[in-house]
Structure formats: C-alpha cells, structure tokens
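The values are calculated or read from the model by the stated rules, or taken from the named source; none is laboratory data. As the structure is a prediction and not an experimental result, all values here were calculated from the model. Positions of Cβ are backbone-derived with ideal geometry, glycine not excepted, and every protein chain shown enters the neighbour counts.
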Amino acid sequence: MHIKTILNYSVNFNPIKRKKKQVRFIIFHYTGMKKELAAINRLIGIQSEVSSHYLIKNNGEIVTLVPDLYIAWHAGLSSWKNYKSLNKDSIGIEISNPGHQHNYKKFSKKQLYSLIKLSKFLIKKYKIDTKNILGHSDVAPDRKKDPGEKFPWKYLARNKIGIWHTLSAKVLKQSRNSKIDSRSKSLFLNNLFNIGYPKKIPKNITEGRYLVLIIKAFQRRYRQELINGKIDKECLLISKNLIKKFS
C-alpha cells in the first residue's frame, strides 16, 4: 500500500533517526489558524519550533512535513500512561481547521477520507495498537483542546482507528446530567487515569482546575454533546465501558 503525499519538509525535527519499533502512537491535531497557508508556513518555519509528520489540507491533500522516523515537534509537554514527552514515541498528524479560537468547524469529508487512509497505512506499517490513537487534548489536557468535539472519533473507531464505547444512545441520554455521589466521582477519575490520562498536576495550575480540564478532555472525545467539566452518570458509564477496552 502506498500513500500519495506532497513533500514540503519542515526544519523542526530531531536529526537523530529513531527505530521503527519506537513509533507507538498516532496523535491527531488541528492547525488552529485562520488560514491554511499560514498554518503550513508555521509548521515548516524555523521560528515557530513546531511541526508534525503530516498535514491534511482542506481539499484532502496530504502533505509530508517530517519523515516518519524523525521526531517531529508536535505534542510538546505531554504524557499518557507511563510515557512522557510523546514526541519521541509518536507520529503527529495535523488537520487543517481554524480551531476553537477562529470559528471552529466540522472536518470535511475529503479530510476524513484522507485521514482514514493515512491512519490505516501507519497503523499497519508500525503495528500501532488501536488504543494508542490519541488526540492532542488527551495527552496535554491542561493546554490543548484539539482536535476538539467536532472530530469524529466514533466514525473513526468504526474504521478501526481509535477506541469508542459500546453504550446505546438511549442509555447515555437518560444518564446525562444525572448526579452521582463522591465515591462514584472518584471512581470516574480513577478510570480516566487507568485509561491513560495524565495524573500528575502541572505546577502552574490548581488541582480543582486541572480536574475540570481533564474531564473536559474526556468529554471532547467521548461525550461530545456536552462539554461542561462536570462528572455525571453518563460520564461514569462511558468510563466504565472504556476501561475494559484500555486494560
């Protein structure tokens, strides 16, 4: 299988090549800029000190920015389970989208077609576990919102890209906004940490604020209809369902 891409190499990567087996994760991002060309220029420009391995344009074209076996600078301060600074273990894919600060929009059908094709190619090539398909907000919930609540995680999971729960829409709707006790809330947070969400609280943030952000990161991925940072019965049920898949 071959993926057709446009080459537009970035200077923002580590010069030492890594081994194929070191690639364990795929991390999805949105560009978060008004103009696509400005986003590309930022990802290849030396001043920004950011990059990714691939960028998917609005028209579905795939741009190669950094070859797979070099470490691109896309995840920043990040962690998942026992992994820290996930740049060294991952491939980063940016998808052109203005993001939350610039009229966040749905991802196009052409983008999703290319994303599925590219992701399947990388999963097969590097034998990446479907549990290790993540969003930037999963690994850096205190800093990032991308790829956001309009990113079709459920649809991707149907294509064997990433994990999704198996609960019915009816059960979920009935449980939404239903209050739970403090013990159940603790169980929910424990489930999040066992799934892989970062447990360590960053130095520049309070515990209460961090917990809200980590709950929102979970909701942006698995309960996209309501992002409020509050734990309810629906969130708890989803976490219980997922923990079986991530264990």
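Here are some notes:
- Residue in the range 197-208 that is part of a helix (DSSP H, G or I), modelled with pLDDT of 95 or more, more than 28 Å from I95 (Cα to Cα) and not charged (D, E, K, R) present: yes
- When the criteria are applied in full, G162 fails the requirement of being without any contact (Cβ under 8 Å) to a residue 60 or more places away in the chain and either part of a helix (DSSP H, G or I) or of a type in the set (F, W, Y) (or both).
- Tabulated pairs, the range 219-247, first in the same structural domain as G196 (by TED's automatic domain parsing) and under 26 Å from K106 (Cβ atoms), second modelled with pLDDT of 95 or more and acidic (D, E), C-beta under 7 angstrom, 6+ apart or interchain: R220/E149; R221/D138; R223/E234; Q224/E149; I227/E149
- Within the range 65-80, residues that are assigned by TED's automatic domain parsing to the domain that holds E94 and under 14 Å from S48 (Cα atoms) have Cβ atoms under 6 Å from residues that are part of a loop (DSSP other than H, G, I, E, B) and of a type in the set (A, V, I, L, M) in these pairs: A72/V66; W73/V50, counting only partners at least 6 apart in sequence or on another chain.
- Hits in the range 34-91 - residues which are surrounded by fewer than 19 Cβ atoms within 10 Å (Cβ to Cβ), more than 15 Å from the chain's Cα centre (by Cα), in a loop (DSSP other than H, G, I, E, B) and of a type in the set (K, R): K34, K35
- Residue within the range 131-146 that is closer than 16 Å to Y83 by Cα, surrounded by fewer than 19 Cβ atoms within 10 Å (Cβ to Cβ) and not assigned by TED's automatic domain parsing to the domain that holds K203 present: yes
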